[in-house]
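The values are calculated or read from the model by the stated rules, or taken from the named source; none is laboratory data. It should be emphasised that the depicted structure is a prediction, and the values quoted were computed from it without experimental measurement. Please note: Cβ atoms are built from the backbone with ideal geometry, for glycine as well, and neighbour counts cover all protein chains shown.
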Protein chains: 2
Amino acid sequence: MNGETINRAVVAAEYAVRGPIVVQARQLEKALERGAELPFDKVVYCNIGNPHQLGQKPVSYYRQVLAAIDCEGLDGAFPADVVARANEYKRSIKGGTGAYSESKGVETLRQRVAVGITKRDGYAANPDDIFLTDGASAGCHYLMNVLIRGIDDAVMCPIPQYPLYSAALTLYGGTLVPYYLDEDRAWSLNVDHVKKQLVDARAEGKNVRAIVVINPGNPTGNLLSDENLTEIATFCADEGLLLISDEVYQENVYAEGKKFTSMRKIVFDAGLEKRVALASFHSTSKGFYGECGRRGGYMELVGAWDSDVVAAIMKLASIALCPNLAGQVVTSMVMDPPKEGEPSYELFCKERDDILASLKRRSITLGSALNALEGVTCQPADGAMYCFPNLVFPQKYMDECKEANKIPDVEYCTRLLNQTGIVTVPGSGFGQKPGTWHFRTTFLPSEEDIKGVAVKLTDFHNSFIAQYK
Amino acid sequence: MNGETINRAVVAAEYAVRGPIVVQARQLEKALERGAELPFDKVVYCNIGNPHQLGQKPVSYYRQVLAAIDCEGLDGAFPADVVARANEYKRSIKGGTGAYSESKGVETLRQRVAVGITKRDGYAANPDDIFLTDGASAGCHYLMNVLIRGIDDAVMCPIPQYPLYSAALTLYGGTLVPYYLDEDRAWSLNVDHVKKQLVDARAEGKNVRAIVVINPGNPTGNLLSDENLTEIATFCADEGLLLISDEVYQENVYAEGKKFTSMRKIVFDAGLEKRVALASFHSTSKGFYGECGRRGGYMELVGAWDSDVVAAIMKLASIALCPNLAGQVVTSMVMDPPKEGEPSYELFCKERDDILASLKRRSITLGSALNALEGVTCQPADGAMYCFPNLVFPQKYMDECKEANKIPDVEYCTRLLNQTGIVTVPGSGFGQKPGTWHFRTTFLPSEEDIKGVAVKLTDFHNSFIAQYK
């Protein structure tokens, strides 16, 4: 077996967030560890939303409950509410965190997730509709696997998009129908444009089965308005599209006066729950908790789902046995956190508020630095963890790239890495309007480090511009 | 979207270990919780190797290290070697268990896995060859996804087999070429028969790309001899087949005088490492530890792998981001356990030996009870966690099943569940020689419970036989 005889879909799939630039970054990091002389003394991974790796501390409550469940005899070390919750979990999780659970996840943990969803939306959630998953990715894979029968089955995705969707569509052999977010209007979504894209795709013989909405946006950080969400939900009802709502950044909203509304609440508010099948994703990896390595999350299926389709998703979950139990436990705590009056409540709120306030400051620091650069404009991030600046490259640089057969944004990010150690993802990894260039960077380095990142980025960009002027 | 328009491969996939009988069992359990009157007072899940759920206690050392890593401030609660290992992990895992790691897993944890493999086989392992995975299943999915381009790509699997392989092959749209294990010779593997099956499949136009070997066997519990393993490895070298060795039960060997040899050692002993590409699976879910809910494991790729193929597998791992960190940590401890002289060593050995000795006693208890039943023969389990008895059903029962269009072993297991609460998996879920009938049951219920299971099984079977005599 060799490269010629590999399944072509695997060869074609791309996932830039962990692509060649990241592989190169790891090699540079190893070179530094061996004592190599490079123009920088550390590699800073801004390619991926991975807060703990950049120094963010875990939320104490989650970790205390986890430790108390995993290991006997620690009760004396923890506040009473931690012990009480851990004991409740030990009673209700048969066999504890070392046992396979139901394939959808432990029922009592799904009940806690349902409590959180109900509180968030004001509409009662049913634990039976909830699949606990290893991160949000697993839910996406289940849906794509069930939906895609061949190249003519298509799913609409925003451009730019989080490349899990494009990668999964390629792996399962389907087609991505793009709809472009409007950068000039802070990456908002234009439903008339979405409709046009649907009509065009259908005219080309595509069987468009679903639409993905990412809110808050990744990589764009845009928060969609309630009106916009209602338009999309209505559009799905009218066109018979399954609605996939990626809401993993729902607790990362920084813009003054804006707040997150779930697509689920929109569907119920608009009375569309009998006409739309909605899948919503959430994850322990994002929010203020950033428990990426835990691989926790959930997918909720509400509205007009066909029972055979749900059974098929259930079968895929069964073949994967079950999501990891520690991830399930953290997901349940994310959705059902400590309550006012409980001993852990005050510390929990302080940790949460400090992290979110710091993220907001860091987003402003980085966004301002980017907007000050020549040829760079960066929409303010309403939410999520990223800046996605637009780069207008000098013509001389564009000519040079064309000559050398290089993709301009990939080349820019590669040079940025080699000269500063800062790891970013080229806009082409997410998709972008033809003729525009971007990169995605997290604003996750610590408050101390983010200023250094801003300075290094500025210096790099200035000398880049000077070189090509 | 409805049942008619689901991807047919998902509809066709079957995974009996979590199939309809298990769904029914959960409904019965819920009925009991609601106070329903049933012929039994609890449901006993013997369908799946899930030791903790049936009361096995976790290994203390693993859990102490996990807790010390996850939660600050607990050092005083643990022995010095636990604290030392936890501190070493905290230093070397960037961002700890809450951070995404490299997609193959944390390098220092892979180094520990390599230490264990080297010690086991006497041939040095390379951490770069090791992919840490969420259980063993993820590795299987990566391989099948890379291998299978369409229905004419085929993988040879033992029959009976663990249905992950058949399910994955169906999902990726390939073909399973069976080779039958020889029940009369304690489920041994006949290489001449394997060759014949290969020749026949090729004659039918199948592109046979790989062979799966499960050792110790699942569901059969058979341990393959070194001679047998060498024959298979040579066969793969001669025929250009990729060799997939599922060794998740490598620490579950009970037969006097027998011991597990890895396929990796066989390949090196026979000097075949330049001629065979071998993928080996291991898991934290089995062994004496039984950390199923942790979803930990590894896949090691050694021998004649093409670098493009390895790169494609790496890309799939990247799209999944990374395996959960707690699972990675436990995998590293499974392969690099406490050492003689360390404070935790004695307790660790006692827990390990007690669990393994008890499993051996339980396998004998259940095996003897099964062999005493009319029309039932059960090969002794050399290893693994299962009995897979052969059932010769009365003709009257067979006629009744034919009349009612029921599959005899499925019907038998369904009745067993409804009358006793014991959950087993029909042999047809694993594949079996046409005209033979089996079921798989774990021998994992506690020493106290296993006797009750044996009595209930005996009573059920006796009245079943009496009914149809």
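Scanning segment A:8-64 for residues that are over 22 Å from A:GLU448 (Cβ atoms), in contact with a strand residue (DSSP E or B) (Cβ under 8 Å, 6 or more places away or on another chain) and hydrophobic (A, V, I, L, M, F, W, C) turns up A:ALA16, A:VAL17, A:ILE21, A:VAL22. As a summary of the residue check, B:GLY240 satisfies the conditions (1) without any contact (Cβ under 8 Å) to a residue 24 or more places away in the chain; (2) within 14 Å of another protein chain (Cβ to nearest Cβ); (3) of a type outside the set (Ser, Thr, Tyr); (4) under 29 Å from B:ILE364 (Cβ atoms) except for the one numbered (4).
For segment A:67-82, indicate whether the set of residues that are without any contact (Cβ under 8 Å) to a residue 60 or more places away in the chain, in a helix (DSSP H, G or I) and under 19 Å from B:GLY95 (Cβ atoms) is non-empty.
If we filter segment A:67-82 for residues that are without any contact (Cβ under 8 Å) to a residue 60 or more places away in the chain, which is where we start, we get A:67-68, A:71-78.
Adding the requirement that they be in a helix (DSSP H, G or I) leaves A:67-68, A:75-77.
Filter once more, keeping what is under 19 Å from B:GLY95 (Cβ atoms): A:67.
Scanning segment A:67-82, I find at least one residue that is without any contact (Cβ under 8 Å) to a residue 60 or more places away in the chain, in a helix (DSSP H, G or I) and under 19 Å from B:GLY95 (Cβ atoms), so the answer is yes.
Looking only at residues of segment A:280-309 that are buried (at least 24 other Cβ atoms within 10 Å of the Cβ) and in a loop (DSSP other than H, G, I, E, B), we find that the one that is farthest from the other protein chains (Cβ to nearest Cβ) is A:LYS286.
Quick check, is B:ALA384 under 20 Å from the mean Cα position of the chain (by Cα) and among the small types (Gly, Ala, Ser)?
Working: under 20 Å from the mean Cα position of the chain (by Cα): yes; among the small types (Gly, Ala, Ser): yes.
Taking the combined requirement at face value, the residue satisfies it.
Among the residues of segment B:365-383, the ones that are in a helix (DSSP H, G or I) and surrounded by 14 or more Cβ atoms within 10 Å (Cβ to Cβ) come to 6 in all. Taking segment B:118-205 and the strands (runs of 3 or more DSSP E) fully enclosed by it, the elements with 3 or more residues that are modelled with pLDDT of 95 or more and away from chain A (no Cβ under 13 Å) are at B:153-159, B:175-180.
A residue that is farther than 21 Å from A:GLY431 by Cβ and either more than 24 Å from the chain's Cα centre (by Cα) or aliphatic (A, V, I, L, M) (or both) can be found somewhere in segment A:53-62.
Among the residues of segment B:433-468 satisfying the criterion of being part of a helix (DSSP H, G or I) and of a type in the set (Val, Ile, Thr), which is nearest to B:THR420 (Cα to Cα)?
If we take residues in segment B:433-468 being part of a helix (DSSP H, G or I) and of a type in the set (Val, Ile, Thr), then B:VAL453 is nearest to B:THR420 (Cα to Cα).
Out of everything in segment A:97-117 that is under 22 Å from the mean Cα position of the chain (by Cα) and within 14 Å of another protein chain (Cβ to nearest Cβ), what residue ends up being farthest from B:ARG295 (Cα to Cα)? Here the answer is A:ARG110.
It is to be established whether one or more residues within segment A:395-406 are farther than 23 Å from A:ASP184 by Cα, in the same structural domain as A:ARG362 (by TED's automatic domain parsing), of a type in the set (S, T, N, Q) and in a loop (DSSP other than H, G, I, E, B). Yes, that holds for at least one residue. What number of residues within segment A:241-279 satisfy the criterion of being surrounded by fewer than 17 Cβ atoms within 10 Å (Cβ to Cβ) and either β-branched (Val, Ile, Thr) or under 28 Å from A:SER358 (Cβ atoms) (or both)? Residues that pass the stated criteria total 4.
Quick one: which of A:GLY427, A:GLY421 is in contact (Cβ under 8 Å) with a residue 60 or more places away in the chain and either within 18 Å of A:PRO219 (Cβ to Cβ) or among the aromatic types (Phe, Trp, Tyr) (or both)?
On the way: A:GLY421 fails: either within 18 Å of A:PRO219 (Cβ to Cβ) or among the aromatic types (Phe, Trp, Tyr) (or both).
The unique qualifying residue is A:GLY427.
Going through (1) more than 11 Å from chain B (Cβ to nearest Cβ); (2) surrounded by fewer than 22 Cβ atoms within 10 Å (Cβ to Cβ); (3) under 28 Å from the mean Cα position of the chain (by Cα) one by one, A:ALA84 falls short only on (3). Residues that are assigned by TED's automatic domain parsing to the domain that holds B:GLY98, without any contact (Cβ under 8 Å) to a residue 24 or more places away in the chain and not hydrophobic (A, V, I, L, M, F, W, C) are absent from segment B:356-374. As a summary of the residue check, B:GLY139 satisfies the conditions (1) within 28 Å of A:TYR100 (Cα to Cα); (2) out of contact with any Ser or Thr (no Cβ under 6 Å at 6 or more places or on another chain) except for the one numbered (2). In this structure, does B:ALA312 turn out to be within 12 Å of chain A (Cβ to nearest Cβ), surrounded by fewer than 24 Cβ atoms within 10 Å (Cβ to Cβ) and out of contact with any helix residue (DSSP H, G or I) (no Cβ under 7 Å at 6 or more places or on another chain)? Answer is no for this residue.
Residues that are β-branched (Val, Ile, Thr), at the interface with another protein chain (Cβ under 7 Å from one of its Cβ atoms) and not in a loop (DSSP other than H, G, I, E, B) within segment B:1-52 comprise B:VAL10, B:VAL11, listed in sequence order. Of the residues making up segment A:87-96, just one is part of a helix (DSSP H, G or I), touching a residue at least 24 places away in the same chain (Cβ under 8 Å) and more than 7 Å from chain B (Cβ to nearest Cβ), namely A:TYR89.
Results for (1) assigned to a loop (DSSP other than H, G, I, E, B); (2) of a type in the set (A, V, I, L, M), shown as yes or no for each residue.
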| site | (1), (2) |
| --- | --- |
| B:PRO337 | yes, no |
| B:PRO343 | yes, no |
| B:LYS350 | no, no |
| B:LEU356 | no, yes |
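Quick check on this structure: which one of B:ASP134, B:ASP152 is surrounded by fewer than 24 Cβ atoms within 10 Å (Cβ to Cβ) and either in contact (Cβ under 8 Å) with a residue 40 or more places away in the chain or in the same structural domain as B:PRO389 (by TED's automatic domain parsing) (or both)?
On the way: B:ASP134 fails: surrounded by fewer than 24 Cβ atoms within 10 Å (Cβ to Cβ).
When all the criteria are applied, what remains is B:ASP152.
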